[in-house]
Amino acid sequence: MADEEIILSELDDDELVLQMHDDLYDGLREEIEESVGILLERGWTPYDVLTKALVAGMTIVGADFRDGILFVPEVLLAANAMKGGMAILKPLLISTGAPRVGKMVIGTVKGDIHDIGKNLVAMMMEGAGFEVLDLGINNSVEKYLAALEAEQPDILGMSALLTTTMPYMKVVIDTLVEKGLREDYIVLVGGAPLNEEFGRAIGADAYCRDAAVAVETAKTFVARKHNQLAG
Amino acid sequence: MTDALSRMLASRDWILADGATGTNLFNMGLSSGEAPEMWNIERPDAIRSLYRGAVEAGSDLFLTNSFGGNASRLKLHGAQGQVHELNRIAAALGREIADAAGREVVVAGSVGPTGEIMQPMGSLTHAIAVEMFHEQAEGLKAGGADLLWVETISAPEEYAAAAEAAALAGMPWCGTMSFDTAGRTMMGVTSAQMAAQVDKLPNPPLAFGANCGVGASDLLRTVLGFVAAGAGRPIIAKGNAGIPKYHDGHIHYDGTPALMGEYAVLAHNAGARIIGGCCGTMPEHLRAMRAALEAHPTGPRPTLDEITAALGGFSSASDGTGDTSGDPKRERRGRRG
């Protein structure tokens, strides 16, 4: 039925959610926007639309990205489609007081212009239900600290693509330690030249190989943090 | 065949390129976050000694300190108005060292990626990408670079834009991509796809290949991929000296000179004719590579097993060639008309 026309509004809920997973995978933004609207009209809560349709769909995209089946161009298109849906859901999520997964401040370090991987992480984190403040590229330690203070996130994410800029992550972490703030945040690092050992050596909580791993790691650490607070 | 690299390729079996720029400059005191290109003006002696280090270690070709010298990247440092000057000086310093070498040494004007995503996925248009690369190329040309050396590219669109800029500047060029994601570039390009693209360009490069990525083993698998795709042009191999490790405040790559010597011989046997290093490759590595290449006549093409036995395992099970070229493997439910 590859070329058969599908009328989204004629699908039942289960069919429509599966169709949305496909449309996310194919990066069809207009279709996602339309489907989000249909589910809301049918009385779905914004939180259910987010988790069951968008987050679940982006999880499939993330897994295939992690496994080397999808590459950056496809993931960018999928994330763009998801953003279309999120734009509709965001105000509704806030007004309905939906549960929050966690909050992240993310940015590429000073001297580094590369933001492709960082943008992917930000999009996938949003896709997983996190609130994300993206500081963009070329961030000094002062900019990171100011954002941490203003936003009070659970997670600080830092990215670098150059061997000339990756050591700057250590500058930021050392400053956090100096100010007694290091334990307040989960620090995740990523970028092509990095590896797990580097992440450990500079004092990050974890190195994340790609955006999909970043989401999994963030969820694990946030859950652990909440358990500690509860216990 | 009037350019220096073509002459050298015609008379030599292999050419030793250079090693790392960033790693070497760090060892001279460049701090993280600074633009290496500013040193062309601020510390020209350090750049001279970077170039001289490669030449004295036996490199036949070295890259200029201009990797991030395009307007998009220099903008970070408020230096987007200095593109021409920074590139011209990068090349002029190189010319000075090459001409004093006492043998023929090729000055290759390094051109790195813009750091932006091109349309339709991103916002950078072909016209603006060509304009940025062209501006940089004119600076390198004015400084006396023998050719342009486009490197660490991941998108075919950006590779094509750099090719067009080289034509506008009237310069010969070489171009490598970085295969760092499951055997492909970040944008999903396989070695076979790159080989096919190179042949279709209106002004193809003198040589093409791979640089950086995830270590020497992966890079050689990519070279074998070019050969399997029937590449007719000379192949470039510029792999990292192992994997980066962090020690006492600086980055150190774990590949020894002896290992890089083995890598050089394997690269040559795999089919590469221009062989160098990338991140972490210091003059002592280049010396070992030169000695190893001189000591070993061309041998049989290595198998993947021989590569991993000598240099370590691959970062992914496959190099992405030979499968369904990355088409989504999910069963589609159907598509709206």
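The values are calculated or read from the model by the stated rules, or taken from the named source; none is laboratory data. Just so we're clear, the structure is a prediction, and the values are computed from it rather than from any experiment. We place every Cβ from the backbone using ideal geometry, glycine too, and count neighbours over all the protein chains shown.
For this structure, a couple of remarks:
- Check on residue A:107, in contact with a strand residue (DSSP E or B) (Cβ under 7 Å, 6 or more places away or on another chain) and of a type in the set (Gly, Ala, Ser): yes
- Scoring residue A:204 on the criteria (1) surrounded by fewer than 21 Cβ atoms within 10 Å (Cβ to Cβ); (2) closer than 21 Å to residue A:119 by Cα leaves a single failure, condition (1).
- Summed over the range B:168-193, residues that are more than 14 Å from chain A (Cβ to nearest Cβ) and assigned to a helix (DSSP H, G or I) total 4.
- Within the range A:101-144, considering residues that are assigned to a helix (DSSP H, G or I) and of a type in the set (Lys, Arg), the one nearest to residue A:75 (Cα to Cα): A:118
- Single match in A:177, A:171 (criterion: over 25 Å from residue A:66 (Cβ atoms), at the interface with another protein chain (Cβ under 9 Å from one of its Cβ atoms) and assigned to a helix (DSSP H, G or I)): A:171
- Condition broken by residue B:89, with the remaining ones in (1) hydrophobic (A, V, I, L, M, F, W, C); (2) surrounded by 21 or more Cβ atoms within 10 Å (Cβ to Cβ); (3) farther than 25 Å from residue B:240 by Cα; (4) out of contact with any helix residue (DSSP H, G or I) (no Cβ under 6 Å at 6 or more places or on another chain) satisfied: (4)
- Residue list for the range A:133-181, filter: at pLDDT below 90 and either not assigned by TED's automatic domain parsing to the domain that holds residue A:109 or not β-branched (Val, Ile, Thr) (or both): A:136, A:138, A:160, A:161, A:162, A:166, A:167
- Residue count for the range A:42-95, restricted to those that are at the interface with chain B (Cβ under 10 Å from one of its Cβ atoms) and not in a helix (DSSP H, G or I): 5
- Among residues of the range A:42-73 being in contact with a Ser or Thr (Cβ under 8 Å, 6 or more places away or on another chain) and surrounded by fewer than 18 Cβ atoms within 10 Å (Cβ to Cβ), the one that is modelled with the lowest pLDDT is A:47.
- Only one of the numbered conditions (1) part of a helix (DSSP H, G or I); (2) of a type in the set (Gly, Ala, Ser); (3) modelled with pLDDT under 85 is not met by residue A:98, and that is (1).
- Hey, residue B:225 under 19 Å from residue B:151 (Cβ atoms) and within 14 Å of chain A (Cβ to nearest Cβ) or not: no
- The residues of the range B:67-115 that are farther than 27 Å from residue B:6 by Cα and polar (S, T, N, Q), listed by number, are B:72, B:80, B:82, B:114.
- Residues of the range B:18-54 that are within 14 Å of chain A (Cβ to nearest Cβ) and outside any helix (DSSP H, G or I): B:19, B:20, B:21, B:28, B:29, B:30, B:31, B:32, B:33, B:34, B:35.
- For the range B:1-17, the candidate set comprises residues that are in contact with a Ser or Thr (Cβ under 8 Å, 6 or more places away or on another chain) and part of a loop (DSSP other than H, G, I, E, B); within that set, the residue that is surrounded by the most Cβ atoms within 10 Å (Cβ to Cβ) is B:17.
- Qualifying residue in the range A:30-46 (condition: within 19 Å of residue A:124 (Cα to Cα), free of Cβ contacts under 8 Å to residues at least 60 places away in the same chain and small (Gly, Ala, Ser)): no
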